[in-house]
């Protein structure tokens with residue numbers, strides 16, 4: 001029977017993180033810890049969320065509710081809504097009367113940074129407006145629930161700890177869309193808004209062509225709840241390794257060991273034998289994470305997703321997508337696609353494998369601190385690090401082969417195709433889906449191009465199509481290839497100019513378009529009905545190219 005009351009929900013509570021890890025010894029007992037301050041040790045800081053006033057229901061994920069065994073009506077239960085709009089005073093005896101925020105380190109492309117820390121030490125960088133408020137076991141699976149926009153924490157760096165409705169809608173929809181695409185991701189539980197509390201953020205004026213935001217916009221404050229097996233990040237493991245190397249305090253090595261043990265328990269215990277010596281478990285952790293990370297990034301590339309800011313603190317140590325801030329989906333094909341104005345080419349679409357390797361290097365470096373007295377284990381760990389590029393390339397080759405219906409990777413065909421996509425001003429998602437019909441002529445692809453195809457380019461396309469079809473014919477049935485391609489090339493994609501109206505209408509209290517997009521995003525591989533295709537499966541209109549807030553955007557959220 002589905003869980004339909006808040007006490008029944010609360011009864012699932014099981015706080016493994018709070019049991020296994022250590023609180024900051026300088027933290028308050030009641031969680032009233034909202035001002036920026038350095039945190040020198042401990043794995044988490046108890047902190048009470050700040051509720052948004054007069055919260056309104058916007059949306060919940062029926063898919064995730066079903067997976068957790070929750071009744072959909074629970075999303076509108078007063079206590080449940082209070083809890084996930086920041087009012088933790090509703091907590092029952094089975095629950096903690098506060099949430100928890102965590103610190104982490106920042107590395108960008110393998111370079112350690114402390115500049116973002118207000119104290120210049122790295123001891124003030126972490127969850128500034130995200131805090132977990134619940135951990136429990138539902139239908140045999142452990143999940144952690146984290147408020148985004150729940151108010152300031154000691155890591156807030158002087159900010160208000162809030163999230164705006166715009167970014168909350170984007171994250172809520174994107175997490176469930178990625179899940180439906182088959183790309184591992186944190187999940188969306190609920191989204192609530194307050195039209196009484198407003199926060200100001202830099203954003204874009206109407207019809208703006210500015211690269212950076214050109215106005216200060218007033219936005220409704222919102223709280224979304226994201227859900228994952230854990231929210232442990234590479235940056236967290238890295239923080240404790242940095243403290244070991246710096247001999248920051250006497251318990252540094254013990255705290256690093258504890259958090260790595262907890263990572264294994266939370267995200268890898270089904271695959272790592274607890275009877276193994278710890279050094280061997282560490283090596284196996286590195287092996288499994290490498291497999292998950294390389295598969296994840298190949299999945300991003302398959303569906304056209306660009307993380308935009310793939311630092312170590314945005315890299316989930318469990319191997320799934322985390323932190324939907326400056327993300328976007330590639331429409332007009334461009335290997336250098338980067339939607340975030342602060343991201344730079346180093347985090348662009350086709351550079352994501354290299355960014356993943358840099359994050360893996362920081363993970364490897366942190367784990368090495370645990371193996372000082374285990375030379376054989378260190379050697380194995382080093383080999384895993386050295387083998388990352390080859391492992392990443394294997395995943396990419398398999399992904400490209402699947403997108404083209406091939407039994408094995410054909411680099412010559414792929415490289416020529418990528419050049420054709422660029423020359424044709426092709427839409428990434430739409431072109432690959434059209435290739436799934438195994439076209440004989442380029443005329444069958446023209447609807448996927450933003451410009452007419454000149455004769456010389458048509459000739460190149462015809463030649464490529466003949467050679468590709470020949471390879472497909474040699475390996476078996478063309479129909480079988482088409483069916484396989486339909487399973488990996490989505491029929492619809494995220495188009496920012498179609499999502500923007502959802503959060504714009506939501507500011508006026510109309511949440512209907514959010515609900516419509518939830519339904520559309522549930523089945524991204526199914527051929528959409530004609531009326532839906534007319535709206536969702538179309539090329540970006542000219543007026544949205546170079547449009548601030550749609551074609552590119554800041555991370556103001």
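Can you confirm whether segment 131-140 contains a residue that is out of contact with any helix residue (DSSP H, G or I) (no Cβ under 9 Å at 6 or more places or on another chain), without any contact (Cβ under 8 Å) to a residue 12 or more places away in the chain and within 30 Å of residue 69 (Cα to Cα)? Yes, because at least one residue in segment 131-140 is out of contact with any helix residue (DSSP H, G or I) (no Cβ under 9 Å at 6 or more places or on another chain), without any contact (Cβ under 8 Å) to a residue 12 or more places away in the chain and within 30 Å of residue 69 (Cα to Cα).
Scanning segment 72-106 for residues that are more than 25 Å from the chain's Cα centre (by Cα), more than 16 Å from residue 46 (Cβ to Cβ) and in a loop (DSSP other than H, G, I, E, B) yields a total of 5. Taking the criterion of being closer than 23 Å to residue 551 by Cβ and out of contact with any strand residue (DSSP E or B) (no Cβ under 9 Å at 6 or more places or on another chain), the residues of segment 504-515 that qualify are 504, 505, 513.
How many residues does segment 505-524 contain that are in contact (Cβ under 8 Å) with a residue 40 or more places away in the chain and surrounded by 13 or more Cβ atoms within 10 Å (Cβ to Cβ)? Residues in segment 505-524 being in contact (Cβ under 8 Å) with a residue 40 or more places away in the chain and surrounded by 13 or more Cβ atoms within 10 Å (Cβ to Cβ): 10 in total. Of everything listed in (1) assigned to a helix (DSSP H, G or I); (2) in contact (Cβ under 8 Å) with a residue 40 or more places away in the chain; (3) crowded, with 17+ Cβ neighbours inside 10 Å, the single unmet condition for residue 258 is (3).
Restricted to segment 436-551, the set of helices (runs of 4 or more DSSP H) holding at least 3 residues that are under 27 Å from the mean Cα position of the chain (by Cα) comprises 478-486, 496-507, 512-521, 530-536.
Residues that are closer than 22 Å to residue 121 by Cβ and touching a strand residue (DSSP E or B) at 6+ places or on another chain (Cβ under 6 Å) occur in segment 47-65; there is at least one.
In this structure, residue 145 does not satisfy being buried (at least 23 other Cβ atoms within 10 Å of the Cβ) and part of a strand (DSSP E or B).
Restrict the check to segment 182-201 and report whether at least one residue is under 27 Å from the mean Cα position of the chain (by Cα), modelled with pLDDT of 95 or more, surrounded by fewer than 17 Cβ atoms within 10 Å (Cβ to Cβ) and closer than 17 Å to residue 319 by Cα. For segment 182-201, residues under 27 Å from the mean Cα position of the chain (by Cα), modelled with pLDDT of 95 or more, surrounded by fewer than 17 Cβ atoms within 10 Å (Cβ to Cβ) and closer than 17 Å to residue 319 by Cα: present.
Name the residue that is farthest from the chain's Cα centre (by Cα), counting only residues in segment 399-417 that are assigned to a helix (DSSP H, G or I) and loosely packed, with under 14 Cβ neighbours inside 10 Å. Per the stated criteria, the residue is 412. Would you mind finding the one in 64, 21, 74, 70 that is surrounded by 22 or more Cβ atoms within 10 Å (Cβ to Cβ) and in contact (Cβ under 8 Å) with a residue 40 or more places away in the chain? Going through 64, 21, 74, 70 in turn, the sole match is 70. Note on segment 332-352: residues that are within 16 Å of the chain's Cα centre (by Cα) and either assigned to a helix (DSSP H, G or I) or outside the structural domain of residue 314 (by TED's automatic domain parsing) (or both) total 3. Evaluating residue 345 against the criteria (1) free of Cβ contacts under 8 Å to residues at least 12 places away in the same chain; (2) farther than 30 Å from residue 202 by Cβ leaves one unmet condition, (2).
A quick yes/no check of all residues on (1) assigned by TED's automatic domain parsing to the domain that holds residue 490; (2) closer than 26 Å to residue 336 by Cα:
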| site | (1), (2) |
| --- | --- |
| 368 | no, no |
| 372 | no, no |
| 382 | no, no |
| 392 | no, yes |
| 410 | yes, yes |
| 420 | yes, yes |
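Flag not set for residue 498, criterion: surrounded by fewer than 21 Cβ atoms within 10 Å (Cβ to Cβ), more than 30 Å from residue 207 (Cβ to Cβ) and in contact with a helix residue (DSSP H, G or I) (Cβ under 7 Å, 6 or more places away or on another chain). Filtering segment 358-373 to residues that are in contact with a helix residue (DSSP H, G or I) (Cβ under 6 Å, 6 or more places away or on another chain) and closer than 18 Å to residue 113 by Cβ leaves 359, 360, 362, 363, 366.
Of the residues making up segment 317-331, one or more are touching a helix residue (DSSP H, G or I) at 6+ places or on another chain (Cβ under 9 Å), in contact (Cβ under 8 Å) with a residue 24 or more places away in the chain, closer than 13 Å to residue 356 by Cβ and outside any loop (DSSP other than H, G, I, E, B). Being in contact with a helix residue (DSSP H, G or I) (Cβ under 8 Å, 6 or more places away or on another chain) and under 17 Å from residue 433 (Cβ atoms): is that true of residue 492 here? Yes: the conditions hold for residue 492.
The values are calculated or read from the model by the stated rules, or taken from the named source; none is laboratory data. Note that the structure is a prediction, hence the values are computed from the model and not measured. As a convention, Cβ positions derive from the backbone with ideal geometry for all residues, glycine included, and neighbour counts pool all protein chains shown.
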